[in-house]
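What follows is a short report on a single structure.
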Amino acid sequence: MVKAVILGCTGYTGVELIRILATHPEMVVSGGASRQWAGRRASEAFPFFRGHCDFLISDMEDVLREPQADVAFLALPHGESASAIRPLLDAGVRVVDLSADCRLRDPDVYSEWYGPHKDPGIVDQAVYGLPEIHRDKIRDAQLVANPGCYPTSVILGLAPIMARQDLDTSNVIVDSKSGISGAGRAAKLITSFCESGESVKPYSVLRHRHIPEMEQELSGLTGRPVSVRFTPHLMPMSRGMVSTMYLRLKEDVTAESLREDYERRYGDEPFVAVLPDGHFPDTAHVRGSNMCQVAVTVDSRSGWAIVVSALDNLVKGASGLAVQNMNLMMGMPETAALDTLPVFP
Ligand SMILES: NC(=O)c1ccc[n+]([C@@H]2O[C@H](COP(=O)([O-])OP(=O)(O)OC[C@H]3O[C@@H](n4cnc5c(N)ncnc54)[C@H](OP(=O)(O)O)[C@@H]3O)[C@@H](O)[C@H]2O)c1
């Protein structure tokens, strides 16, 4: 069995990693790190792991000194990951980082949105971890930068049509909605029950940190700069994400011709489902699964193409995608531990 260690194992994405890896036929969680739970067992923090996975939680420093694992998942806040990556790579451990620390290739862009980088030298070694776009590079990577949840929903939503000349792909409007777990487990006023349980609200308008990541990857797909107008919203649900994307038509385009691009691109993809005409993605249809649903249509009256995608922010938007990446890195079946139906309703 391949031994995996999870740094940040008591946060939402860390727990989701443990849940998914508990069913993995070739990987086992051998350790984890957290500040608050160091010295105690996973089943003390989460009694539902008893009998499935009961490793001892350590201090991050102890894990980094002696990783005792083949692979590491970093489910840490940005900034914390940056200082953990080099010791792991030096110890020969392959790393999937769920934070933003290795996603942005330009260090100036990282500093502008996140502040100074703690180890900018590692960024060049990272492959952006979206298998549907970078599968071959991921297979050979020692370090994968797992994408953000909003960028995954947007890039998978737009990738099949970014090369088209009959759409204005240089300007993209994105309206997204996320469940509250997207903000992490630590207590914050905005995610408290009274302020999120019966409310829908935009947040980080004009300044959400996923904007440069979307622009970087979408520009890579078109070969020219892409500008994204992105407004995220918090929804009163624990998990799930929908992104609705708008692109202006330059010529007459039919929904059928766009849908053909999606079916061609994603026909063999295990974790992207292109919905038939008349159907649209629904967070309830992907909850707990690694699927991203995508649908495309054309508003010929106003001259816009509309794309909608839905995923579970903790699975295809984070931990499921991280396991998919690690499966590729380790030469295992890409779908191992991930081939599950959604929890419905
Ligand atoms: N939530 C999502 O939907 C989502 C989706 C995609 C990507 N991400 C990214 O994934 C990462 C984790 O997100 P999350 O939502 O799981 O966050 P979270 O719920 O806040 O969990 C963070 C984890 O990191 C640990 N931690 C924080 N500082 C630490 C330190 N200095 N040493 C050791 N452990 C430390 C926390 O435990 P202690 O407090 O006990 O130390 C906790 O286990 C973030 O970078 C986030 O942006 C999240």
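The values are calculated or read from the model by the stated rules, or taken from the named source; none is laboratory data. Everything quoted here is computed from the prediction, not taken from an experiment. Cβ sites come from the backbone with ideal geometry, for glycine too, and all protein chains shown count toward neighbours. When the accessible area is computed, the model is the full protein with side chains, heavy atoms only, and any ligands, DNA or RNA have been set aside. Shrake-Rupley method; radii C 1.70, N 1.55, O 1.52, S 1.80 Å.
Overall, the chain carries a charge dipole of about 680 debye about its Cα centre when +1 sits on the Cβ of Lys and Arg and -1 on the Cβ of Asp and Glu, all other atoms neutral.
Accessible surface area normalised per residue over segment 57-148 is 43 Å², counting heavy atoms of protein chains with a 1.4 Å rolling probe.
Please identify, among 95, 298, 71, the residue showing maximal mean-square fluctuation in a Gaussian network model of the chain using a 10 angstrom Cα cutoff. Answer for the Gaussian network model of the chain: 298. Close amide H partners of residue 95, meaning residues 5 or more places away or on another chain with modelled amide H under 5 Å apart, are 72, 143, 144. Using a Gaussian network model of the chain in which every pair of alpha carbons under 10 angstrom is joined by a spring, one finds that among 278, 39, 79 the greatest mean-square fluctuation is at 278.
Here's how it looks for residue 78: its modeled amide H is under 5 Å from those of 100, which are all 5 or more places away or on a different chain. With both labels modelled 7 Å from their Cα along Cα-to-Cβ, the residue 23 to residue 35 distance reads 3.4 nm.
Expressed as a whole number of Å, what is the distance separating the alpha-carbon centroids of segment 205-239 and segment 265-310? Cα centroid of segment 265-310 versus Cα centroid of segment 205-239: 18 Å apart.
Per residue, the chain reaches -8000 deg cm²/dmol at 222 nm when only DSSP H runs of four or more residues are counted, each adding -39500 (n - 2.57). Annotation: amide H of residue 167 within the under-5 Å range of 250, sequence separation 5 or more or interchain, hydrogens built in the peptide plane. In segment 209-284, taking the dipole from charged Cβ atoms about the Cα centre, the farthest positive-side position among 246, 274, 235 is held by 235. Histogrammed with a bin width of 20 Å, the alpha carbon distances of the chain distribute as 31, 59, 9, 0 percent, first bin at zero. Here the gap between residue 43 and residue 192, fully extended at 0.36 nm per residue and compared with their Cα-Cα distance, gives a gain of 51.1 nm. If only the Cβ of Lys and Arg carry +1 and only the Cβ of Asp and Glu carry -1, the dipole of segment 150-312 around its Cα centre is close to 680 debye.
When you restrict to C-alpha pairs under 8 Å that are six or more residues apart and normalise by the size of segment 150-312, the relative contact order lands at 30 percent.
When a 1.4 Å probe is rolled over the protein heavy atoms, the share of accessible surface on segment 150-312 that falls to carbon and sulfur comes to 52 percent. Among 117, 336, 205, whose Cα projects farthest towards the positive end of the dipole of the chain, with charges put on the beta-carbon of Lys, Arg (+1) and Asp, Glu (-1)? Towards the positive end, the residue furthest out is 205. Cβ-Cβ distance of residue 105 and residue 250, R₀ of 30 Å, FRET efficiency by 1/(1 + (r/R0)^6): the value works out to about 0.55.
Within segment 150-312, the percentage of alpha carbon pairs spaced more than 29 angstrom apart rounds to 18%. Note on residue 165 and residue 59: the model spin-label points, each 7 Å out from Cα along the C-beta direction, lie 6.2 nm apart.
Calculate, for residue 264 and residue 173, the FRET efficiency according to 1/(1 + (r/R0)^6) with r their C-beta to C-beta distance and R0 35 Å; round to the nearest 0.05.
Taking R0 as 35 Å, the efficiency between residue 264 and residue 173 is 0.90.
Here the accessible area is traced with a 1.4 Å probe on the protein chains. For segment 24-122, carbon and sulfur cover 48 percent of it.
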